[in-house]
1. Only one of GLY374, GLY357 is at pLDDT below 90 and more than 11 Å from the ligand (Cβ to nearest atom). Can you tell me which?
2. Suppose we filter segment 551-602 for residues that are assigned to a loop (DSSP other than H, G, I, E, B), more than 16 Å from the ligand (Cβ to nearest atom) and at positive phi; how many remain?
3. Yes or no: THR384 within 16 Å of the ligand (Cβ to nearest atom) and of a type outside the set (Gly, Ala, Ser)?
4. Go through segment 49-65 and give me each residue that's β-branched (Val, Ile, Thr), assigned to a loop (DSSP other than H, G, I, E, B) and surrounded by 15 or more Cβ atoms within 10 Å (Cβ to Cβ).
5. Could you please find all residues in segment 377-388 being in a loop (DSSP other than H, G, I, E, B) and modelled with pLDDT of 95 or more?
6. Specify the residue that is modelled with the lowest pLDDT; the eligible residues are those in segment 261-308 that are in a loop (DSSP other than H, G, I, E, B) and β-branched (Val, Ile, Thr).
7. Taking the condition more than 16 Å from the ligand (Cβ to nearest atom) and either among the aliphatic types (A, V, I, L, M) or touching a Gly at 6+ places or on another chain (Cβ under 9 Å) (or both), does VAL295 pass?
8. Being surrounded by fewer than 18 Cβ atoms within 10 Å (Cβ to Cβ), under 22 Å from THR600 (Cβ atoms) and either of a type in the set (Lys, Arg) or within 15 Å of the ligand (Cβ to nearest atom) (or both) is the requirement here; does GLU348 meet it?
Amino acid sequence: MCGIIGYVGAGDVVDIVHQGLINLEYRGYDSAGIAVRADGELLVEKTAGSIDAFEPPVADGATSAIGHTRWSTHGPPTERNAHPHLDCDDSIAVVHNGIIENYTELKAELEDHGFVSETDTEVVPHLIEDAFEDDPDQSLVEVVSSVTDRLEGSYAICVLRRDEDEIVATRDGSPLVLGHDEDGSFVASDVPAFLEHTREVSYLADGQVAALSADGIDVYEAGELVDLEVETVDWEPEAAQKAGYDHFMRKEIHEQPTALRQALTGRLDDEAGEVDLEVSFPDGYLDSLEEVQFVAAGTSYYAALFGARLVESLADLRASVFLASEYDGGAGRDPWRTLTVAVTQSGETKDTMDAIGVAADLGAGTLAVTNVVGSSVTRAVDQTVYIRAGPEIGVAASKSFASQVMTLAMVAIFLGRARGTLSRSAARRRIDELGSVPGAIQQVLDVEEEVRETAAEYLDAEAFFFIGREVGYPVSLEGALKLKEIAYVHAEGFAAGELKHGPLALVTEESPVLSVLTAGTAPERTRHNVAEAQARGAPAIGFVTEGLDIDQLDVAFTVPDVGWMEPLVANVYLQLFAYHVANELDRPIDKPRNLAKSVTVG
Ligand code: AGP
């Protein structure tokens, strides 16, 4: 998610906003910029990459400024695409966090305007420019309100105008927090931006509009002034960067409902039963496909295993999944009828980059599913679908796994509809179920304390085994990996039917078995594998679709009935379980020993 900071007042405006961006760096970004109002002019400086070497505008007599750290969603991370964005007359500066779904339609209305970036955000200053041309007597609050009423999607927006010493801010779906001290007023996407100046903050609600001046902040709702509750932040800055969570990983586990809504935003047409991933293929190509190959590593490999089963089921296509480090191009297959998909959160994993390069050299069509706009993998493939999870700071993947799986589910629907193997009604059902996943995950997050208690109960186990069938199998693998990665505990995932073919020899009363028992993964068969383990004394912890009558478990957690994505919802239990085991063991959860967030070596 992008970082926003705005200030108007008698303080050192440029320094306050520049330091605010530095305080927001933890959010992850790939470009940045500041617009300053000084002596009736707007001065703007931007940079691609880090703000370490960034020189903010030099502006004596500055009275207000807005700044932004950008996490790209539309357009690569370049200086041109960095915020703030300006109108034709350089008299209006705008910074934005979120996704404006209808920006192409709005941009079409602005064809007489000059655009310099590839971003969705840039339509906003030009819409404001037009609104003032239509009626110059409007206030900035009135114009920003009318313009943002036309935006679809999610946004947190700050506007700075050359002709007045006021910042106007509004939001819908992306956070904005307000503050005021004796010298001036602050607005930001997150508290750490200005926590050093004031701990008294107010949170803007969706649809509200704030007008910041040196003297204070007026907030409007439907054109009427409203009072916001003032809260006192008692976090220290470092804790505030984690929004009060003890670790980035736990924050990112809890961000999953928001991240998944972002993945889905603007891509689902549940009426038509279609998915729009902004990718296109030559006529006949998708019909001629014989195979989809996935190449990935680690958690992304498990997401690919999950996605491959969906592609096979919905698109009637052979789907093969390769560990990127083992990929040889699928010897003997016809590359002209093969689509090779790189699944990689960072977009930089060397094993995956090498594998997708082999596929491209063989002549296969290539697609990337990644979280980082402009990452290396996006330049190595024909097309890219972004998972839009926002920055993932914890070394162990959490929200990115869910976002990858949801994105691959959309890819499967897209392929099935394009190939005519998925009916409109079946697609509509799948799309509806996708839409219910964020809320189902929130239900799991709401019972985190019960998971913590279970983690504490089995903390001293010698090993943990995870089992599941069908797409419950990759979830079991991912659950085991989390526990290994952050708790340093022996854990293994198995296909449930495999337990009796060897691993059962490891099962004792000291090795809890955690099983995915969701409706679509043959729970009536998996429960027998659970019984095999229980017969050896193993404690049985299970994740069961609500309403299923499975009463043999020592500990049972309910998975909301959301259909095909239930194992993905069950995975949140496994994330929380691993987190709380690691936390009870006082592990450095965000930075596990020996591991890196992006493995760029072979
Ligand atoms: C997962 O928790 C690990 N961080 C690791 O397995 C990771 O998934 C793997 O290195 C692949 O990274 P990528 O998704 O950035 O390619």
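The values are calculated or read from the model by the stated rules, or taken from the named source; none is laboratory data. Just so we're clear, the structure is a prediction, and the values are computed from it rather than from any experiment. Here Cβ is always computed from backbone atoms with ideal geometry, including for glycine, and neighbour counts include all displayed protein chains.
1. Details: GLY357 fails: at pLDDT below 90.
Among GLY374, GLY357, only GLY374 is at pLDDT below 90 and more than 11 Å from the ligand (Cβ to nearest atom).
2. Pass one, segment 551-602, residues assigned to a loop (DSSP other than H, G, I, E, B): 551-554, 560-562, 585-602.
Still in the running and more than 16 Å from the ligand (Cβ to nearest atom): 551-554, 560-562, 585-586.
Those left that are additionally at positive phi: 586.
The total comes to 1.
3. Details: within 16 Å of the ligand (Cβ to nearest atom): yes; of a type outside the set (Gly, Ala, Ser): yes.
Yes; evaluated as a whole, the condition is true for this residue.
4. Looking only at segment 49-65, we keep the residues that are β-branched (Val, Ile, Thr), and these are 51, 58, 63.
Checking which are assigned to a loop (DSSP other than H, G, I, E, B) leaves us with 51, 58.
Across segment 49-65, the qualifying residue is only ILE51.
5. VAL381, ASP382, ILE387
6. First, pick out the residues of segment 261-308 that are in a loop (DSSP other than H, G, I, E, B): 265-267, 270-273, 276-284, 289-290, 297.
From what's left, β-branched (Val, Ile, Thr): 265, 279.
Working: THR265: 92, VAL279: 95.
The extreme case among them is THR265.
7. Numbers: more than 16 Å from the ligand (Cβ to nearest atom): no; either among the aliphatic types (A, V, I, L, M) or touching a Gly at 6+ places or on another chain (Cβ under 9 Å) (or both): yes.
Judged against the criteria, VAL295 is not a match.
8. Numbers: surrounded by fewer than 18 Cβ atoms within 10 Å (Cβ to Cβ): yes; under 22 Å from THR600 (Cβ atoms): yes; either of a type in the set (Lys, Arg) or within 15 Å of the ligand (Cβ to nearest atom) (or both): yes.
When the stated conditions are applied, GLU348 passes them.
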